[in-house]
Amino acid sequence: MKKFLKKSLLTLFLLNLVFIPLKAHALENNNFGDVVETKSKCNLKFKERQLWIEHVLWTRSFIVSDIASLDDKAPVLERLLKNQDDIGNSIKPYYGEEAGNKLSKLLREHIELAGNVLDSAKSKDSTSFDKYNKLWYENADEIADFLSAANPNYSNKVLKDMLHKHLQFVTDQVTHRLNGEWKKDIDSYDKGQEHMIHFADILSEGIIKQFPDKFK
């Protein structure tokens, strides 16, 4: 059963990479205009989508493993944390080593707090849940502040709204899974994945606009 679950998740990930069209989403109130898709632009968009699909995929895998007390919980968490470092590394060619490490740190905190929220939900500890949920959203705001400070093409409000919605999709998955609402759980994951693909495109388009010489 565990091997089947892992194969299913891998298949889902690969299908998304192959069949999701490279469609650019523009930031609200920021018009990127019609752009010519060079190889370098497509490579960036593909890479960012891959990283953020992995983010939601391994987050989901951890939720499943944690709630079901599967033996792979620790290796899955390790892989999930690696994804946060990979995302940080992806911005280093544009913003430098320090900025990339900062983003990785913020994203690792995002995962740690998500784990605390999950544990609180499992134990039905509303006080602990409210505490860590508040910190989780504050961390999301820090990520949005960091990104929008680095790139003037990003709307701070849009990024915060996007990240808050991401947290809600994750929370919905946890809630539905704990309640045995499997179809709702799957629907929340699907919506959350599509949402993060949109988020990845926002990041890509902002980088392309800020560093046009790198994408000729």
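The numbers here are math on the coordinates, done by the rules we state, and not lab data. Here the structure is a predicted model, which means the values were calculated and not measured. Cβ coordinates were reconstructed from backbone atoms using ideal geometry, including for glycine residues, and neighbour counts include every protein chain displayed.
Only one of these conditions is not met by Asn151: (1) surrounded by fewer than 20 Cβ atoms within 10 Å (Cβ to Cβ); (2) closer than 30 Å to Asn179 by Cα; (3) out of contact with any Asp or Glu (no Cβ under 8 Å at 6 or more places or on another chain). Which number is it?
(2)
Can you give me the number of residues within the stretch 172-199 that are buried (at least 19 other Cβ atoms within 10 Å of the Cβ) and either without any contact (Cβ under 8 Å) to a residue 12 or more places away in the chain or under 15 Å from Leu118 (Cα atoms) (or both)?
So the answer is 4.
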